[in-house]
Amino acid sequence: MPSVAIEIENLSKEYPFGFLHLRKRRSLENLTMQVQAGDVFGFLGPNGAGKSTTIKLLMRLIFPTSGTARILGKSIEDVSMHQDIGYLPEQPYFYDYLTAAELLDYFARFHGLRESDRRERVQRILKRVGLDTAKKIQLRKYSKGMLQRAGLAQAILHDPQVVVLDEPMSGLDPLGRREVRDIILGLKKEGRTVLFSTHILSDAEMLCDRVGVIVGGKLRGVGTPGEMVGIQTQGMEILFELDGSAKKPALLEKAAKTGERYRVQLPEAELYNALDQLKEAGARILSVAQIKPTLEEFFMNLVDADRAQANAVEVSGR
Amino acid sequence: MRNVWVVATNTFREAVRDRVLYNLVFFALLMMGAAILVGQISIGIEESVIVSLGLSAISVIGIFIAVFIGVGLVSKEMDKRTLYALLAKPVQRWEFLLGKFGGLVMTLTVNTAAMAVGLYAALWTVKHPLERSDWYLLVAVYLILLKLALIVALAMLFSCFTTPFLAILFTLGLYFAGLFAEDLRTMQAISLTPETMKLFRGISYLLPNFENFNVMGVVAHGRSVPATLVWQDTGYAILYAAIVLAGAAMIFSRRNLK
């Protein structure tokens, strides 16, 4: 398998609009990026940023205005590349007259699998996504979360090397989200490459080796979640409880109280002094953690900058 | 061709599960009613009335299915986005299109065959035993099926580039225009200039000639259909449908999905 699983070069997509389709709206602008084989890559961006457009271009559901892309070394124009790719569309909808088992069997037939192999795989995958008890129910009776799982099942049914998931956590309850996270981690463990889009940043922080942030159709940065937000610690945070009769430490002035608990944020250099004070006061220390900028803050800064730029263009254009 | 077959069998399964074949109940009731009524009111012409009515019903019901389901074959998949997961499999877009066409033609074949059995049953109630000339009916049914396949191809072509409503209008419009293709070709009007006549003649050759497939009047009177006509119609339907489907595939293969 090539070391680069997905290569995108200057990919752009414009949509015509207006009565005569003479005007063009650019949804994606010269996107260039790579996803390394074996990585879990998170594609982040607000709604309408160009995440789904990129994924649809990769899956040849729409066609680029310019640029190229390769998956596992093959051009996206080459249909045979889909032998090794699994894809979960955003808000998937399938033939509702089929049962989950029939749907998976139908899709498996396009991969040339024999009937006995298909039957074994369908059972195994349905169990993996937690649908084995609902396999004989028609999809028209499935909930949104169950459809999402059926979609995930068809994406990984044929053991693809690259799995592309468009908003895989969308519509799932906390349990479902956790199961999807486990599946993605399982795929990584098996050495597969996963590209998934999301606007839920905690999912990306938890799962991704690398992330790419796209805003307004432009890629704003690619790197590990740590690189994206910077590794510099912004300070320390101590969470503690204090017995009512105990001596009040000086740092209590800076602390915020929530219920019986106190939370105090201070520079890293003052940590040991603070801990000594708390020890002396007989405080029960619940946690000591680094304060780091989150991916969310990084992300929001980009979005705000993009909106400010768009407003500036609008104002100067008037 | 494996992919085409997989899509076709699933399309057939969809039609069955969506109760498309329930129209057969309506046809059966129509034929039973006709058999009872005709026996009472038409003396001596029961057979031709039953045949005309039966073949007309087969044709009209078939056209209804071919147009409305034919248009939905592609547009429904795009609207509901069921196509997304499928096109991310190793499937060419033309294979999908051909499979959808094959699946609906398969459905129409089963439907038409069942209606033909119903027609023979109705015929048998007014006249038995059946005569050799009654088997000419099968030729008429076969030609109706060819016509329906051509309509499905046209419906699919239109649904590849326009809205379902317009696709239905275009398909029905072309069907009715095609019924008069022969008239357009042989039209001799004094008020028309030779250039206009030429234009009309050109258009008449482009239009699908649906009247070619109509042998209802011939078989209703127990006359045989010439074998050459059957061969010509078969070749015409295959060639015309192939050209239409190739056009549909060309359009669909570059179409951006929503």
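The values are calculated or read from the model by the stated rules, or taken from the named source; none is laboratory data. What you see is a predicted model, and the numbers here were worked out from it, not measured in a lab. Backbone-built Cβ (ideal geometry, glycine too); neighbour counts: all protein chains shown.
The number of residues in the range A:160-174 being away from chain B (no Cβ under 14 Å) and under 28 Å from residue A:119 (Cβ atoms) comes to 1.
The set of residues from the range A:1-49 being in contact (Cβ under 8 Å) with a residue 40 or more places away in the chain and not in a strand (DSSP E or B) comprises A:1, A:2, A:37, A:38, A:39, A:45, A:46, A:47, A:49. For the range A:125-161, taking the residues that are under 27 Å from residue A:39 (Cβ atoms) and β-branched (Val, Ile, Thr), the one that is farthest from the chain's Cα centre (by Cα) is identified as A:125. Per the conditions (1) under 22 Å from the mean Cα position of the chain (by Cα); (2) under 30 Å from residue A:74 (Cα atoms); (3) part of a helix (DSSP H, G or I); (4) away from chain B (no Cβ under 13 Å), the sole criterion not satisfied by residue A:194 is (3). Does the range B:108-116 include one or more residues that are farther than 23 Å from residue B:24 by Cα, of a type outside the set (Gly, Ala, Ser) and touching a Leu at 6+ places or on another chain (Cβ under 8 Å)? Within the range B:108-116 (the criterion being farther than 23 Å from residue B:24 by Cα, of a type outside the set (Gly, Ala, Ser) and touching a Leu at 6+ places or on another chain (Cβ under 8 Å)), the answer is no, since none of the residues qualifies. From the list B:15, B:34, the one residue that fits, being within 14 Å of chain A (Cβ to nearest Cβ), part of a helix (DSSP H, G or I), buried (at least 20 other Cβ atoms within 10 Å of the Cβ) and among the hydrophobic types (A, V, I, L, M, F, W, C), is B:15. Restricting B:233, B:183 to those that are of a type in the set (Asp, Glu) and touching a helix residue (DSSP H, G or I) at 6+ places or on another chain (Cβ under 7 Å) reduces the list to B:233. Which members of the range B:69-95 meet the condition of being under 24 Å from residue A:112 (Cα atoms), at the interface with chain A (Cβ under 10 Å from one of its Cβ atoms), not in a loop (DSSP other than H, G, I, E, B) and not basic (Lys, Arg)? Selection gives B:77, B:83, B:84, B:85, B:86, B:87, B:95.
I'd like to check something: does the range A:78-85 contain any residue that is loosely packed, with under 15 Cβ neighbours inside 10 Å, of a type in the set (Ser, Thr, Tyr) and either more than 9 Å from chain B (Cβ to nearest Cβ) or touching a His at 6+ places or on another chain (Cβ under 6 Å) (or both)? Scanning the range A:78-85 turns up no residue that is loosely packed, with under 15 Cβ neighbours inside 10 Å, of a type in the set (Ser, Thr, Tyr) and either more than 9 Å from chain B (Cβ to nearest Cβ) or touching a His at 6+ places or on another chain (Cβ under 6 Å) (or both). For the structure I just gave you, tell me whether residue B:64 is under 15 Å from the mean Cα position of the chain (by Cα) and either at pLDDT 80 or above or more than 18 Å from residue B:118 (Cβ to Cβ) (or both). So residue B:64 passes the test.
Note on the range A:80-125: among residues that are of a type in the set (Gly, Ala, Ser) and touching a residue at least 40 places away in the same chain (Cβ under 8 Å), the one that is nearest to residue A:152 (Cα to Cα) is A:86.
All told, residue A:289 meets the bar of being hydrophobic (A, V, I, L, M, F, W, C) and either in a strand (DSSP E or B) or modelled with pLDDT of 80 or more (or both). Looking across the range A:96-124, the residues that are away from every other protein chain (no Cβ under 14 Å), under 28 Å from the mean Cα position of the chain (by Cα) and not basic (Lys, Arg) come down to A:122, A:123. In this structure, does residue B:48 turn out to be farther than 18 Å from residue B:171 by Cβ, away from chain A (no Cβ under 12 Å) and among the small types (Gly, Ala, Ser)? For residue B:48, the condition - farther than 18 Å from residue B:171 by Cβ, away from chain A (no Cβ under 12 Å) and among the small types (Gly, Ala, Ser) - is met. The number of residues in the range A:50-73 being part of a strand (DSSP E or B) and buried (at least 17 other Cβ atoms within 10 Å of the Cβ) comes to 4. Inspect the range A:268-286 for any residue being part of a strand (DSSP E or B), exposed (fewer than 12 other Cβ atoms within 10 Å of the Cβ), free of Cβ contacts under 8 Å to residues at least 60 places away in the same chain and under 34 Å from the mean Cα position of the chain (by Cα) and give the result as yes or no. Scanning the range A:268-286 turns up no residue that is part of a strand (DSSP E or B), exposed (fewer than 12 other Cβ atoms within 10 Å of the Cβ), free of Cβ contacts under 8 Å to residues at least 60 places away in the same chain and under 34 Å from the mean Cα position of the chain (by Cα). Between B:103, B:62, B:118, the distinction of being within 14 Å of chain A (Cβ to nearest Cβ) and either in a helix (DSSP H, G or I) or over 21 Å from residue B:12 (Cα atoms) (or both) belongs to B:103 only.
Once the range B:196-222 is narrowed to residues that are over 22 Å from residue B:56 (Cβ atoms) and among the small types (Gly, Ala, Ser), the residue that is surrounded by the most Cβ atoms within 10 Å (Cβ to Cβ) is B:204.
Counting residues in the range A:206-229 that are in contact with a Pro (Cβ under 7 Å, 6 or more places away or on another chain) and either basic (Lys, Arg) or farther than 30 Å from residue A:60 by Cβ (or both) gives one or more.
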